[in-house]
Amino acid sequence: MSNIILIGFMGCGKSSVGRRLSESCNLQFLDTDQLIEKDAGKTISEIFAQEGEKAFRNMETACLEKLLQENTDGVVLSVGGGLPIREENRKLLKKLGNVIFLEASAETVYNRVKYDTTRPLLQGNNPRGRIMDLMRVRKHFYEDGANYIVNVDGKNFEKIIDEIMKLTGNGEE
Ligand code: S3P
């Protein structure tokens, strides 16, 4: 299927890059967190608090299965930062389309999320340490799940989108 899928750590820019990329390529933009919130009728924070992380992870897998069942095509899909941890999800992502890992340093991520209150996993008293720990554990899963890696540190949207379009062959005449 000809979808472009963006994976990577919280705050690496998946949603903001995804939205702009979808406009440049004339594709629809979807985001698993938004689809899950809409389906559940709750925010991600409420799902974590009321049902726990495991229930949220099951919703992520169900969301990918639904997109595949519906033969979703021609979309840019941004997925939650923890979704590629499950091997099953990494396989589903590759079936859905071209997977791009937006790689960012812990410092880039920290600067983007330090005032954010919507990400339950970063609400402790040492978010910088938490980012570094989670990143260390997850890096391998992102690399394994991706067809291509694009580093975003110090790059503007235009440059990142240009790189993705060249890698995926989108935007060519
Ligand atoms: C999570 C990332 C979040 C969201 C949830 C859990 C994670 O999405 O799915 O808070 O485990 O990394 P973003 O990567 O879009 O922030």
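A few notes on this one:
- Count of residues meeting criterion [in contact (Cβ under 8 Å) with a residue 60 or more places away in the chain, of a type in the set (A, V, I, L, M, F, W, C), part of a helix (DSSP H, G or I) and surrounded by 14 or more Cβ atoms within 10 Å (Cβ to Cβ)] in the stretch 1-54: 5
- When the stretch 116-132 is limited to residues that are open to solvent by 50 Å² or more (accessible area, probe 1.4 Å) and part of a helix (DSSP H, G or I), the one that is nearest to the ligand (Cβ to nearest atom) turns out to be 130.
- Failed item, numbered, when residue 142 is tested on (1) open to solvent by less than 80 Å² (accessible area, probe 1.4 Å); (2) away from the ligand (no atom under 13 Å from the Cβ): (2)
- Filter result for residue 57 (in a helix (DSSP H, G or I) and either at pLDDT below 95 or open to solvent by 70 Å² or more (accessible area, probe 1.4 Å) (or both)): no
- Candidate set: the stretch 64-100, residues that are part of a helix (DSSP H, G or I) and aliphatic (A, V, I, L, M); chosen: the one farthest from the ligand (Cβ to nearest atom): 68
- Tally, over the stretch 1-31, of residues that are modelled with pLDDT of 95 or more, among the hydroxyl-bearing types (Ser, Thr, Tyr) and more than 7 Å from the ligand (Cβ to nearest atom): 2
- Those residues of the stretch 136-159 which are in a helix (DSSP H, G or I) and either under 14 Å from the mean Cα position of the chain (by Cα) or under 12 Å from residue 6 (Cα atoms) (or both), in sequence order: 138, 139, 141, 142, 143, 145
- Residue, farthest from residue 135 (Cα to Cα), within the stretch 78-104, restricted to residues that are open to solvent by 50 Å² or more (accessible area, probe 1.4 Å) and among the charged types (D, E, K, R): 95
- Test for residue 164: is it surrounded by 15 or more Cβ atoms within 10 Å (Cβ to Cβ), within 13 Å of residue 8 (Cβ to Cβ), at pLDDT 95 or above and over 15 Å from the mean Cα position of the chain (by Cα): no
The values are calculated or read from the model by the stated rules, or taken from the named source; none is laboratory data. Note that the coordinates shown come from a computational prediction; the quantities given were computed from them, not determined experimentally. Because the Cβ atoms are built from the backbone with ideal geometry, glycine has one as well, and the counts that use them run over all protein chains shown. For accessibility, only protein heavy atoms count, side chains too; no ligands or nucleic acids. Shrake-Rupley method; radii C 1.70, N 1.55, O 1.52, S 1.80 Å.
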